[in-house]
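Structure, as structure tokens:
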Amino acid sequence: MNASISNDTTAVSEVPSAAVGRTLLEVSDLAVSFGGIKAVDGLTFSVHEGEIVSVIGPNGAGKTSAFNCISGFYRPSSGTVVFDGETITRRKPSYITKKGMARTFQNVRLFKEMSVLENVKTGMHGNLGQNLFDAMLHTPRYRRSEAQCTEDARGWLDFVGFRADDELLVTQLPYGEQRRVEIARALATQPKLLLLDEPGAGLNHNEKNELMQLIRKIRDLGVGIVLIEHDMGLVMQISERIVVMNYGKEIADGTPVKIKQDPVVIAAYLGEGDE
Amino acid sequence: MAKTTQRLQAPKPVIERPPAITGLLAPDRFMKLVGLILFIGAAVLPFITATPYVISILTSAMIYIVLAMGLNVVVGYAGLLDLGYIAFMAVGAYTSGILTTQFGLSMLETLPFVILACILAGVIIGGPTLRLRSDYLAIVTLGFGEIVRITANNLQVTGGPSGIHGIPTWSFFGWSFADGLDIAGIHFNSKILFYYFVLIVGIGLAVVAVSRLGKGKLGRAWKSVRDDEDVSEAMGINGYATKLMAYIIGAVWGGFAGTLMASHLSAISPNSFEFLYSALVLMAVVLGGMGSTPGVIIGALFVSLAPEFLRDFSEWRFLLFGVLLVVAMIFRPRGIWPATAVLPFLKKREIPQVPPTETVGVLGEEEAGEAELADADRPGKIDDVSARNAETAPSESMDSIAIDGQGPPQENETKGEGRL
């Protein structure tokens, strides 16, 4: 078991250089608790523009809770989240999304009664210049904005490698395609930072490789990415930095190489006394 | 590297889409054609039979369509259960009734006041209650419906239990429907003129405008709030504002239907706004198909015309009506014409060839996902969630999973890692 952690050093991608952009997200001392259980307890990390940061940890370590705090779904009991120079702690999720932080969910959560295209178009809500009367009267402005919106939505669907019919209902799609649609929908909000909550869950080996390429492609657009993932192979290959959590606490923060050799991390994963 | 201030631009689509379907059998165009034919049919009808009874029930039926389309925004699009919708109709009817009979305004002149009153009513009832989840909202709206009726019953200005009489029909700049109209030797009396007015305005405003609203940006926002409010927040949609918008638009439509009804019946009383009518309009929407324009029209026609056809059964008719509804809901649980339904003989788009991507356990994953979803939403259930994760996480050797304490999920996770 130990061997599997430290012996695929070859797969580690380039270590972050000094070329990373300015700080996008700064989480400091974040904590949230539910009825006495400290789900997140003093999490501190930062993400830069165009950087891929993974948050890993055993199940129940508080990764998703941390995501929910950052994206506004939970109210943290203490700590601050600064995004793009503005403190967004306790802001509504819709406000945070408009500021430029998009997220996906651990279990694909698409709008089930809408087509693929409509799902992605929903992501563009904040950037469409049309009002109530435009829609009722079908003004030229409405037609223009809908046409643009359809084209952009198709652009994002192509970008994520979606190849099925975009007028199908999302429930008619296989699981892997639903994952892609969810990422396309998140990208449609024009994010500066993208939070991906276990994007690889339930995907097979090929799909995971495609996902990895996709994540790099998104990063190359200049988007910062925070990733929760269980698949160590994927995490080690793709991340520039890794934050390790256990029991709500941050136990390590560093490059993949450093994390792999960190005795605290190994202990957390394999239990004390194994080393 | 892009500057942070600059937002991401969507890439151009690279894959060619199959061309849009053309011809008469394209679903969109076919439905528009059917709508047009029905509209012409309704316009020609008075030439075939123009007995006051037929015109009267058809006018009522059309007002029901306006009403049901308004409620369709609230219930069908935004998914908010409203059990007191008739109250908005009462607000509209009383506002125009009072202003015409006591202040001498014409119907047209009362319209801005009706709209304002309805927006106000929508904000008053929606403002504090839309933060609640649906069950509570239903109870509050039920109460609101009763409050409006009882208030109308007890106030002086609303005429108390006997209501308001002698509400005039519509008039435009001195010319009233009551004057009648002669075109090419055919005399159109007041009722028939009003029928045409309701037909044109009702169809134009209720059917066309509401179905268009459902397709635009706001319509998508409503549907996303209905499907999954949390996720729609994550799309940058302010759930509260979106729901309030649906509520206000529903209120305005209901109020407008109210003014039409007031001048149609020329008298209104609190009895016209009992809970039964809220339930009937809700039935029209649910029975027809929530969020579906053809469905809601069918539902509204059914709800308004069926009692007329069942008139022979006198007191039994609502019982029979109820049985019919139960049967309809058993055989068409999603409504007579569900929102996503397309007539089978219409052309479908050719589905492009999907490249063979393998998918893993589509069904199993989804089911596990759903179960997990229910729990993950509930804070304070972390252990439970982690246990579920253990079930869904990839693992090759199931025997390695022990069932005690904190250990197993972690163990399991490393297995997954070793695999890749």
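The values are calculated or read from the model by the stated rules, or taken from the named source; none is laboratory data. A quick note: this is a predicted structure, and the numbers were derived from the prediction, not measured. Positions of Cβ are backbone-derived with ideal geometry, glycine not excepted, and every protein chain shown enters the neighbour counts.
Take residue A:80 and decide whether it is modelled with pLDDT under 90, of a type in the set (S, T, N, Q) and outside any strand (DSSP E or B).
Working: modelled with pLDDT under 90: yes; of a type in the set (S, T, N, Q): yes; outside any strand (DSSP E or B): no.
No, not satisfied.
Whether any residue in the range A:177-192 is crowded, with 22+ Cβ neighbours inside 10 Å, farther than 29 Å from residue A:230 by Cβ and not β-branched (Val, Ile, Thr) is what I want to check. No: zero hits.
Considering only residues that are part of a helix (DSSP H, G or I) and either free of Cβ contacts under 8 Å to residues at least 60 places away in the same chain or hydrophobic (A, V, I, L, M, F, W, C) (or both), look in the range B:209-219 and name the one that is surrounded by the fewest Cβ atoms within 10 Å (Cβ to Cβ). Walk me through how you get there before you give the answer.
Filtering the range B:209-219 down to residues part of a helix (DSSP H, G or I) leaves B:209-213, B:217-219.
When the remaining residues are screened for being either free of Cβ contacts under 8 Å to residues at least 60 places away in the same chain or hydrophobic (A, V, I, L, M, F, W, C) (or both), the result is B:209-210, B:212-213, B:217-218.
On the way: B:209: 21, B:210: 24, B:212: 17, B:213: 23, B:217: 26, B:218: 26.
Checked the range B:209-219; the qualifying residue surrounded by the fewest Cβ atoms within 10 Å (Cβ to Cβ) is B:212.
Count, please, the residues in the range B:16-53 that happen to be touching a Lys or Arg at 6+ places or on another chain (Cβ under 7 Å) and of a type in the set (Val, Ile, Thr). Final tally of qualifying residues: 1.
Would you confirm, using the coordinates I've provided, whether residue A:86 is touching an Asp or Glu at 6+ places or on another chain (Cβ under 8 Å), farther than 30 Å from residue A:150 by Cβ and among the acidic types (Asp, Glu)? Walk me through how you get there before you give the answer.
Working: touching an Asp or Glu at 6+ places or on another chain (Cβ under 8 Å): no; farther than 30 Å from residue A:150 by Cβ: yes; among the acidic types (Asp, Glu): yes.
Answer is no for this residue.
Evaluation of residue A:267 against the conditions (1) surrounded by fewer than 23 Cβ atoms within 10 Å (Cβ to Cβ); (2) touching a helix residue (DSSP H, G or I) at 6+ places or on another chain (Cβ under 7 Å); (3) of a type in the set (A, V, I, L, M) shows that the sole unmet condition is (2). Hey, among the residues in the range B:91-107 that are aliphatic (A, V, I, L, M) and modelled with pLDDT under 90, which one's farthest from residue B:157 (Cα to Cα)? Out of the qualifying residues, it is B:107. Taking the criterion of being over 16 Å from residue A:199 (Cβ atoms), in contact with a helix residue (DSSP H, G or I) (Cβ under 9 Å, 6 or more places away or on another chain) and either part of a loop (DSSP other than H, G, I, E, B) or polar (S, T, N, Q) (or both), the residues of the range A:41-61 that qualify are A:50, A:51, A:57, A:58, A:59, A:60, A:61. Taking the range A:83-108 as the range and being within 9 Å of chain B (Cβ to nearest Cβ) and in a loop (DSSP other than H, G, I, E, B) as the test, the residues that pass are A:84, A:85, A:92, A:100, A:104, A:105, A:106, A:107, A:108.
The listed residues are B:170, B:222, and the only one of them that is in contact with a Phe, Trp or Tyr (Cβ under 6 Å, 6 or more places away or on another chain), buried (at least 19 other Cβ atoms within 10 Å of the Cβ), among the aromatic types (Phe, Trp, Tyr) and more than 13 Å from chain A (Cβ to nearest Cβ) turns out to be B:170. Here residue A:197 fulfils each of the conditions (1) buried (at least 24 other Cβ atoms within 10 Å of the Cβ); (2) farther than 26 Å from residue B:341 by Cβ; (3) under 15 Å from the mean Cα position of the chain (by Cα) apart from (1).
In this structure, residue A:111 does not qualify as facing another protein chain (nearest Cβ under 10 Å), within 15 Å of the chain's Cα centre (by Cα) and more than 27 Å from residue A:237 (Cα to Cα).
Any idea how many residues of the range B:63-115 are touching a His at 6+ places or on another chain (Cβ under 7 Å) and aromatic (Phe, Trp, Tyr)?
Residues of the range B:63-115 touching a His at 6+ places or on another chain (Cβ under 7 Å): B:63.
Narrowing the set further to residues that are aromatic (Phe, Trp, Tyr) leaves none.
Adding up the residues that qualify gives 0.
For the range A:185-203, give me each residue that is in contact (Cβ under 8 Å) with a residue 40 or more places away in the chain, part of a loop (DSSP other than H, G, I, E, B) and not polar (S, T, N, Q). Reasoning before the result, please.
First, pick out the residues of the range A:185-203 that are in contact (Cβ under 8 Å) with a residue 40 or more places away in the chain: A:185-199, A:201.
When the remaining residues are screened for being part of a loop (DSSP other than H, G, I, E, B), the result is A:188-192, A:198-199, A:201.
A:188, A:191, A:192, A:198, A:199, A:201 - these are the residues of the range A:185-203 that are in contact (Cβ under 8 Å) with a residue 40 or more places away in the chain, part of a loop (DSSP other than H, G, I, E, B) and not polar (S, T, N, Q).
Every condition in (1) at pLDDT below 90; (2) buried (at least 21 other Cβ atoms within 10 Å of the Cβ) is met by residue B:187 except one, and the failing one is (2). Scanning the range B:154-167 for residues that are within 22 Å of residue B:260 (Cβ to Cβ) and not hydrophobic (A, V, I, L, M, F, W, C), we see that the one that is surrounded by the fewest Cβ atoms within 10 Å (Cβ to Cβ) is B:166. Taking each residue of the range B:10-29 that is over 21 Å from residue A:120 (Cα atoms) and looking for partners that are modelled with pLDDT under 75 with beta-carbon atoms closer than 7 Å, six or more apart or interchain, yields B:21/B:347; B:21/B:349; B:23/B:347; B:25/B:346; B:25/B:347; B:26/B:347; B:27/B:346.
The set of residues in the range A:155-176 being crowded, with 21+ Cβ neighbours inside 10 Å, within 13 Å of residue A:119 (Cα to Cα) and facing chain B (nearest Cβ under 7 Å) consists of A:156 alone.
One residue alone among A:152, A:134 is buried (at least 23 other Cβ atoms within 10 Å of the Cβ) and farther than 26 Å from residue A:68 by Cα, and that residue is A:152.
Filter the range B:89-146 down to the residues that are aliphatic (A, V, I, L, M) and assigned to a loop (DSSP other than H, G, I, E, B) and list them by number. Full working, then the answer.
Restricting attention to the range B:89-146, the residues satisfying the condition of being aliphatic (A, V, I, L, M) are B:89-91, B:93, B:98-99, B:105, B:107-108, B:111, B:114-117, B:119-121, B:123-125, B:130, B:132, B:137-140, B:142.
Of everything in the range B:89-146, those that are aliphatic (A, V, I, L, M) and assigned to a loop (DSSP other than H, G, I, E, B) turn out to be B:105, B:130, B:132.
Being touching a Pro at 6+ places or on another chain (Cβ under 7 Å), buried (at least 21 other Cβ atoms within 10 Å of the Cβ), at the interface with chain A (Cβ under 9 Å from one of its Cβ atoms) and among the small types (Gly, Ala, Ser): is that true of residue B:234 here? The answer is yes for residue B:234. The single condition among (1) buried (at least 21 other Cβ atoms within 10 Å of the Cβ); (2) at pLDDT 85 or above; (3) facing another protein chain (nearest Cβ under 8 Å); (4) outside any strand (DSSP E or B) that residue A:73 does not satisfy is (1). Quickly run through the range A:228-256 and pick out the residues that are closer than 14 Å to residue A:53 by Cα, touching a residue at least 60 places away in the same chain (Cβ under 8 Å) and in contact with a helix residue (DSSP H, G or I) (Cβ under 7 Å, 6 or more places away or on another chain). Answer for the range A:228-256, where residues must be closer than 14 Å to residue A:53 by Cα, touching a residue at least 60 places away in the same chain (Cβ under 8 Å) and in contact with a helix residue (DSSP H, G or I) (Cβ under 7 Å, 6 or more places away or on another chain): A:228, A:229, A:230, A:232, A:236, A:237, A:238, A:239, A:242, A:244, A:245, A:256. Looking for something in contact (Cβ under 8 Å) with a residue 12 or more places away in the chain, in contact with a strand residue (DSSP E or B) (Cβ under 8 Å, 6 or more places away or on another chain) and within 26 Å of residue B:267 (Cβ to Cβ) - is there at least one such residue anywhere in the range B:142-159? Yes, some residue in the range B:142-159 is in contact (Cβ under 8 Å) with a residue 12 or more places away in the chain, in contact with a strand residue (DSSP E or B) (Cβ under 8 Å, 6 or more places away or on another chain) and within 26 Å of residue B:267 (Cβ to Cβ).
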